[in-house]
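One structure is given below, encoded as structure tokens.
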Amino acid sequence: MNSTARLAIVGLDSSRPARLREFLAGPVALVTPQDAGNLIGQVDAVLLCTRDGRDHAAQALPLLRAGISVWVDKPLATREADARAMVGAAAATRVVLACRSGFRDAAATREAEAWVRDQAGPVTVTIEGPADPRSPYGGLAHYGVHHVELACELAARPLDVHSATDRRARLTGENLTVDLVFRPEAEAFTITAGERLRIEAPATYLEDQVAAFLDAVERGLGTADPEALVEPVRLLERILG
């Protein structure tokens, strides 16, 4: 991909940096979070690829406040206050902040969304998938954010957390109940909305997200929907307790 934005990747603890460098096929700095401050004044945008969402606000805020756009590997954060600080900093400097689960764009998600929309009355949807409260990368937040973002994708209005444990959570909203099931041993995500469907993110979801992010950076579009970034974190924090 060709981009006019000066770009860096922050984080070395996942497979994302290698995949993104291959996709970008250009001069891209690769730095540790500890060295990210050195990027200020040197780049226009950062791809934040660290795995622990608890650290994302501390890593991203200095960059956002310096006028650097930031794409964040999920989750955006694990505390609503952190997420609001991040979107506030992005708004203040008119830069792009982006974070999105690739499962939102799965064919099964679109099918489930259509099923929910077509029902005449209240419905219950179940989302199951891997999430481990013992994960060193923020416990349930590391993969549980996918459950939460999928629920947000289905809901026409904001949801509330009705109940939560480290194995299950129930979200409720207008004519919609979403049961989240966290299974450390699970190998795939499924969604039951009328029928049980396996959720598979598009093969190029990561590349597509980064391409859209860089396009927004180059066009000076700013952050499209700040509240949509905060909502999953608001729910996630309440699930984590």
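Report yes if some residue within segment 123-136 is farther than 26 Å from Pro202 by Cα, among the β-branched types (Val, Ile, Thr) and open to solvent by less than 50 Å² (accessible area, probe 1.4 Å); otherwise report no. Yes, some residue in segment 123-136 is farther than 26 Å from Pro202 by Cα, among the β-branched types (Val, Ile, Thr) and open to solvent by less than 50 Å² (accessible area, probe 1.4 Å). Can you find, within segment 90-104, the residue that is farthest from Asp208 (Cα to Cα) among those that are of a type in the set (Gly, Ala, Ser) and open to solvent by 10 Å² or more (accessible area, probe 1.4 Å)? My answer is Ala92. For segment 59-89, a residue qualifies if it is farther than 13 Å from Glu231 by Cβ and in contact with a strand residue (DSSP E or B) (Cβ under 7 Å, 6 or more places away or on another chain), and the qualifying residues are Gln59, Ala60, Leu63, Leu64, Ile68, Ser69, Val70, Trp71, Val72, Asp73, Met86. Among the residues of segment 209-226, just one is among the charged types (D, E, K, R) and touching a residue at least 40 places away in the same chain (Cβ under 8 Å), namely Glu218.
Contact annotation: residue pairs with Cβ atoms under 9 Å, 6 or more positions apart or on different chains, pairing a residue in segment 42-71 that is within 14 Å of Leu7 (Cβ to Cβ) with a partner that is among the polar types (S, T, N, Q) and surrounded by 24 or more Cβ atoms within 10 Å (Cβ to Cβ), are Asp44/Ser69; Ala45/Ser69; Val46/Ser69; Leu63/Ser69. A count restricted to segment 60-81 and to residues that are buried (at least 21 other Cβ atoms within 10 Å of the Cβ) and assigned to a helix (DSSP H, G or I) stands at 3.
Checking each residue in segment 18-28 for being open to solvent by 30 Å² or more (accessible area, probe 1.4 Å) and free of Cβ contacts under 8 Å to residues at least 40 places away in the same chain picks out Ala18, Arg21, Glu22, Ala25, Gly26, Pro27. Residues that are open to solvent by 10 Å² or more (accessible area, probe 1.4 Å) and not in a helix (DSSP H, G or I) within segment 29-49 comprise Ala29, Leu30, Val31, Thr32, Ile40, Gly41, Gln42, Val43, Asp44, listed in sequence order. Checked against the criterion of being surrounded by 14 or more Cβ atoms within 10 Å (Cβ to Cβ) and under 19 Å from Ala201 (Cβ atoms), segment 168-175 has no qualifying residue.
The values are calculated or read from the model by the stated rules, or taken from the named source; none is laboratory data. In this text the structure is predicted, and so the values were computed from the model without any measurement. Neighbour counts are summed over all protein chains in view; Cβ atoms, including those assigned to glycine, are modelled from backbone coordinates with ideal geometry. Surface accessibility is based on the protein's heavy atoms, side chains included, excluding ligands, DNA and RNA. Shrake-Rupley method; radii C 1.70, N 1.55, O 1.52, S 1.80 Å.
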